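Notes for the one structure printed next.
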Amino acid sequence: MMSTVDEAAVRGAIDTTACVVGGGPAGLMLGLLLARQGVPVTVLEKHADFLRDFRGDTVHPSTLRVLDELGLGPAVAALPRGRRVTQLRVTFDDGTYPLVDFARLAEPHPYLLFLPQWDFLDLLAAHATGYPAFRLLRRTQVTAVTRDERGRVTGVRAQGPAGEVTVRARLTVACDGRTSTVRSELGLVPVDYGAPMDVLWFRVSRRSGDPAGLDMRVSAGGLLLCIDRDDYFQCAFVIAKGGFDEVRARGLPDLRAGVVHRAPHFADRIAEVSTWDDVKLLTVRVDRLPHWHVPGALLIGDAAHAMSPIGGVGINLAIQDAVATARLLGPRLSAGTLTDADLALVQRRRLFPTRVTQAVQVQAQRRLVDPLLRGTGPVTAPAALRLASRVPVLRGIPARVVGLGVRPEHV
Ligand SMILES: Cc1cc2nc3c(=O)[nH]c(=O)nc-3n(C[C@H](O)[C@H](O)[C@H](O)COP(=O)(O)OP(=O)(O)OC[C@H]3O[C@@H](n4cnc5c(N)ncnc54)[C@H](O)[C@@H]3O)c2cc1C
């Protein structure tokens with residue numbers, strides 16, 4: 001993957017209009033959209049490439065529409081590792097029920113696209129690199145924000161391969177994720193809405209005859225989600241919050257047995273999860289900043305609001321934040337008329353969808369996940385789910401809520 005500059009040669013001070021901290025979904029999409037408007041933008045990413053640990057890979061219909069609007073639809077469709085999934089089935093102790101049917105959406109892309117996040121980020125970076133106003137500095141870790149004598153944020157200091165870099169910018173946007181350095185540098189603390197669970201991620205190979213698509217397997221004490229990735233399943237095993245040490249103490253054979261109990265067809269291959277290195281812990285957080293901006297700086301994506309994995313909407317909300325930010329602030333940045341008061345426009349636009357989505361997630365955690373994790377007896381499908389399995393039109397409702405979300409954005 002090329003970047004527009006050789007970051008190994010970059011040291012000293014850089015002047016730009018927008019400094020974007022973090023090259024995840026929010027940061028790269030924002031960088032691309034601002035550069036497309038001709039706004040000079042520098043994205044700083046601490047990693048050398050996007051081939052990071054598994055970070056989730058759901059690209060929802062609303063994001064696919066944004067990619068179409070950018071003319072990237074054909075490039076996305078050509079990515080070899082993308083998998084289209086139209087249905088989510090849930091298996092309880094009393095049987096399997098279809099729950100979500102994305103094919104019912106009257107959308108250009110009525111499906112969830114499962115795409116390795118690094119492929120998605122590579123695509124955004126490659127496209128952004130075509131705009132002269134775009135600059136991506138990899139291997140460059142932001143360590144501090146800089147301020148003027150009135151306390152207004154003027155940019156960041158970072159450590160790159162050639163030494164310290166100072167980036168001076170009209171606007172700094174923190175897209176550095178759920179443990180944002182910029183956020184802590186600014187002394188901003190998100191409100192924690194709590195989560196009863198953590199998630200263990202691992203892979204199990206997929207064989208011919210295995211179920212395709214998206215499968216959730218529910219029984220007391222845990223929940224297993226299996227994402228069909230062609231030759232393997234990306235599996236998410238939901239455990240009680242803070243329970244990983246206990247799971248480890250019980251040993252891998254116990255974890256494997258819990259998985260096979262929910263997915264008996266894994267019995268002949270669960271040994272592929274052979275060490276704890278094969279198992280990644282996602283510490284689930286649901287939090288949100290009361291204020292997403294201070295003079296000179298804005299926070300979006302996970303840096304402003306970490307989402308529960310329920311619905312797999314984190315990437316999509318991050319993208320939607322970026323689209324709204326570029327649309328609302330880009331023209332002002334371009335014209336040189338941006339004021340600090342304008343930064344409130346982004347929070348005003350994006351707070352409602354974020355709040356509604358998190359409220360739904362917190363309710364689902366409380367009413368469905370928590371009792372399940374604490375339960376011991378057989379778990380049968382709720383009446384609403386049994387009804388949805390008999391009335392296909394009802395399966396379009398969760399498809400709309402998850403796939404399009406609240407207030408989808410347009411480029
Ligand atoms: C294991 C796991 C599974 C997930 N599954 C899903 C899923 O299925 N679907 C879904 O929608 N969401 C999922 N998520 C959540 C999703 O990954 C995030 O919501 C989404 O990536 C947020 O995007 P972002 O751009 O705001 O932040 P991030 O993706 O976190 O990107 C932040 C970027 O900033 C960089 N960075 C951090 N600090 C610095 C610094 N100081 N200097 C420079 N760069 C820095 C990081 O390297 C990273 O590239 C999952 C998360 C995890 C951890």
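The table that follows gives values for the structure above.
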item: Dipole in debye (nearest 20) - the chain, about Cα centre, beta carbon charges: Lys, Arg +1; Asp, Glu -1; result: 820 debye
item: Loop sites in segment 236-341: trypsin sites (Lys or Arg not before Pro), DSSP, at most 14 other Cβ within 10 Å; result: none
item: GNM flexibility winner over the chain from Val20, Val59, Val165 (Cα, springs under 10 Å); result: Val165
item: Carbon and sulfur %, accessible surface of the chain computed with the full protein complex present, 1.4 Å; result: 55 percent
item: Square roots of 5 times each gyration tensor eigenvalue, C-alpha, the chain, largest first, Å; result: 38, 22, 21
item: Whole-Hz ³J(HN,Hα) from phi, Karplus 6.51 cos²θ - 1.76 cosθ + 1.60, for segment 225-234, glycine and proline x; result: 10, 10, 9, 5, 10, 6, 8, 8, 9, 8
item: Leading residue at positive end of dipole, the chain (Cβ point charges), from Gln87, Gln363, Gly24; result: Gln363
item: All-pairs Cα distance distribution in segment 108-188, expressed in whole percent, bin size 5 Å; result: 3, 11, 17, 19, 19, 14, 8, 5, 3, 1, 0
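The values are calculated or read from the model by the stated rules, or taken from the named source; none is laboratory data. Computed from a predicted structure; not experimentally measured. Every residue, glycine as well, gets a Cβ built from its backbone with ideal geometry; the counts of neighbours run over all protein chains shown. All accessible areas refer to the heavy atoms of the entire protein, side chains included, with ligands and DNA or RNA removed. Shrake-Rupley method; radii C 1.70, N 1.55, O 1.52, S 1.80 Å.
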